[in-house]
Amino acid sequence: MKSMYDVNLNEKTLLVRIDLNTTIKNGKPLINERFVEHSKTIKELIKMNAKIILIAHQGRPGEKDFISLHHHAKVLSKLVGRKIKFIPGLYEKKVVESIKFMKPKDVILLENVRFYDDEFSKNPRRTKFVKTLQPLIDYFILDAFSVAHRAQTSVIGFHPAIAGRVLLNELEGIEKIKHSKHPYMLIVGGGKIKEPLNLIHSLLKNGTADLILTGGVTALILMKSEGFDIDVEAKDDLINKSLADKLMSRYEDKIVLPLDLIDKNGESHPVYDLPHTKFYDIGNDTIKLYKEKIKSAKTILLSKPLGVYEKKKFENGTKKVFRAVSNCRAKKFAGGGDTVTALKKFKISLKKFDYVSLAGGAFLDFISGKKLPGLKVIKYSNCKD
């Protein structure tokens, strides 16, 4: 796999896919670890005397955080220490003219790629986005490992494709996980279900994981498979139910479910006496059980919060279990979903972990053994330099 360090980028025009997706507060983006890490890539490319065109996304169509990248450019400018000009377009005439007049060390950021239908095209290289920008660039750099699992135009549409600094660091970090000692423990939660269930299945099937501690919607779906009368829904519910049933029938002895759950009022209920309602966190008995089991692990993969940690009433499970992991002697890895956000909220140093991924779904898919479209494009790209 060729990277930005393997080719001569002096005076070359680069299209760089980064990930600036973040929490939006009062209409403006909050700085997260991705901003910080991508800014380091940009600084290196500036030193290489390249012309840098940045593309990224924010939010999804129809959601509140689906906004322009205008303010993202301002945040990046402060981190890079250099003016990053925002161009409110993707392939319009003003974008083309701006690129043609770029000088080495110039950096521009184009508009949110998800504002355009081109991003979701089934034929990326036939889009106006690619047809317009491809002749203007020398290399496409995929720096955002966090979007490498998406077969979208801004990820797989351009060539020749090479790996960026952040993507390389992610792959090196994940490589460490492959050489882990047993007992190997996965702690998994989150509000989405498909990726966690696939991860559990993969790690148990190939013998990587010895024990799975569950929380969040993951635990609730698995408990539902065990016959608990729980009010929980997830996308692709029938598919998830089928996989959950399969997991509990084959690996029941390796999957640990909560002993008690917290309802919407913050009240705790033991699992043998659960009301038919929704639950938002694991209870104190579960926390105590998980903390004991963590002590015996030699490798821990921490993926996603164990409850609705954003609200103080439901933060206890995530906070106490995450802290227990950070303080244990095992090799510790973290990634997926809001894992990093939760760690930072509870002031848990990322330095306590052997590796922390900035990616969500891409991290979980890669760990599960899936082939990522973004990596495939780089692998087979015709890059002769």
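The values are calculated or read from the model by the stated rules, or taken from the named source; none is laboratory data. Values in this document were obtained by computation on a predicted structure and should not be read as measured data. Using ideal geometry, Cβ is built from the backbone for each residue, glycine included, and neighbour counts are taken over all protein chains shown. Please note that ligands, DNA and RNA were not included when accessible areas were found on the heavy atoms of the full protein model with its side chains. Shrake-Rupley method; radii C 1.70, N 1.55, O 1.52, S 1.80 Å.
Quick check for you: with a 1.4 Å probe and neighbouring chains kept, what is the accessible area per residue of the chain, in Å²?
Normalised by residue count, the accessible surface of the chain is 47 Å².
Which Cα, out of Val166, Ala209, Leu136, lies furthest along the positive dipole direction of the range 119-269 (beta carbon charges, K/R +1, D/E -1)?
The residue sitting farthest along the positive end of the dipole is Leu136.
5 Å is the cut-off here: which amide hydrogens, built 1.01 Å from N in the peptide plane, fall below it relative to Ala50, excluding neighbours closer than 5 in sequence?
Counting only residues 5 or more places away or on other chains, the set is Glu11, Lys105.
Subtract the Cα-Cα distance of Lys370 and Lys264 from 0.36 nm times their separation in residues, and report this length gain in nm to one decimal. Show your work: numbers first, answer last.
Details: separation 106, 0.36 × 106 = 38.16 nm, distance 3.62 nm.
Answer, rounded to one decimal: 34.5 nm.
How much of the DSSP bridge set in the range 255-385 is antiparallel, in percent, rounded to the nearest 5?
Rounded to the nearest five, the antiparallel share is 50 percent.
Which loop trypsin sites (Lys or Arg not before Pro) in the range 12-79, with loop taken from DSSP, have no more than 13 other Cβ atoms within 10 angstrom of their Cβ? List each step's numbers first, then the result.
Details: sites: Lys12, Arg17, Lys25, Arg34, Lys40, Lys43, Lys47, Lys51, Lys64, Lys74, Lys78; in loops: Lys12, Lys64.
Filter output for the range 12-79: Lys64.
Let me check against my output: what whole-number percent is the relative contact order of the range 190-306, with C-alpha pairs under 8 Å and at least 6 apart?
Details: 148 pairs, mean separation 32.5, N = 117.
Reported relative contact order: 28 percent.
How much solvent-accessible surface does Phe86 expose, in Å² to the nearest 10, with a 1.4 Å probe and all protein chains in place?
Accessible area of Phe86: about 40 Å².
When only Cα pairs under 8 Å and 6 or more residues apart are kept, what is the percent relative contact order across the chain? Working shown, then result.
Numbers: 768 pairs, mean separation 63.8, N = 385.
The value is 17 percent.
Would you list, by chain and number, the aspartates and glutamates whose Cα falls below 15 Å from the Cα of Lys94, excluding same-chain residues fewer than 8 positions away?
Glu111
What FRET efficiency would be calculated for the residue pair Lys295, Leu30, taking the C-beta separation as r and a Förster radius of 45 Å, to the nearest 0.05? Walk me through the intermediate numbers first.
On the way: r = 35 Å, r/R0 = 0.78.
Once the sixth-power term is evaluated, E becomes 0.80.
Shape of the range 10-149 from its Cα gyration tensor (a ≥ b ≥ c, root eigenvalues): rounded if a/c is under 1.5, otherwise prolate when a/b > b/c, or oblate?
Oblate.
With Cβ to Cβ distances under 10 Å as the rule, what net charge do the other residues near Thr41 carry (K, R +1; D, E -1)?
My count for the surroundings of Thr41 gives 0.
State to the nearest 20 debye the size of the charge dipole of the chain about its Cα centre, where the only charges are +1 on K and R beta carbons and -1 on D and E beta carbons. Don't skip to the answer; put the middle values down first.
Values: 69 positive and 44 negative charges, 307 e Å.
In total the dipole reaches around 1480 debye.
Per-residue counts of other Cβ atoms within 10 Å, averaged by peptide: what ranking do you get for 323-334, 193-204, highest first?
Working: 323-334: 18.8, 193-204: 21.9.
Highest to lowest by the protection proxy: 193-204, 323-334.
Size of the dipole of the range 158-268 about the Cα centre, Lys and Arg at +1 and Asp and Glu at -1 on the beta carbon, nothing else charged, in debye to 20?
On the way: 14 positive and 17 negative charges, 118 e Å.
I would put it at about 560 debye.
From the phi of every residue in the range 247-262, what ³J(HN,Hα) in whole Hz does the Karplus formula 6.51 cos²θ - 1.76 cosθ + 1.60 yield, where θ is phi - 60° and glycine or proline is x?
5, 6, 7, 8, 10, 4, 6, 10, 9, 9, 9, x, 8, 8, 9, 9
Between Leu343, Phe279, Tyr309, whose Cα lies farthest towards the positive end of the dipole of the range 271-361 when Lys and Arg beta carbons carry +1 and Asp and Glu beta carbons carry -1, centred on the Cα centre?
Of Leu343, Phe279, Tyr309, it is Leu343.
Using the crude model of +1 on Lys and Arg Cβ and -1 on Asp and Glu Cβ, and no other charge, please compute the dipole size for the range 264-334 relative to its Cα centre, in debye to 20.
Values: 17 positive and 7 negative charges, 101 e Å.
Magnitude of the dipole: close to 480 debye.
I want the antiparallel fraction of DSSP beta bridges within the range 1-113, as a percent rounded to 5.
On the way: 2 of 13 bridges.
So the antiparallel bridges amount to about 15 percent of the total.
Round to a whole number: what % of the accessible area of the range 44-152 belongs to carbon and sulfur, probe 1.4 Å?
On the way: 2620 of 5180 Å².
Answer for the range 44-152: carbon and sulfur cover 51 percent of the accessible area.
If I stretch the segment between Tyr272 and Thr23 completely, what's the gain in nm (0.36 nm per residue apart, minus their alpha carbon distance), one decimal? Could the numbers behind the result be given before it?
Values: separation 249, 0.36 × 249 = 89.64 nm, distance 3.79 nm.
My answer for the length gained is 85.8 nm.
To the nearest 10 degrees, how steep is helix 33-47 against the longest Cα principal axis of the chain, on a 0 to 90 scale?
Result, in degrees: 30.
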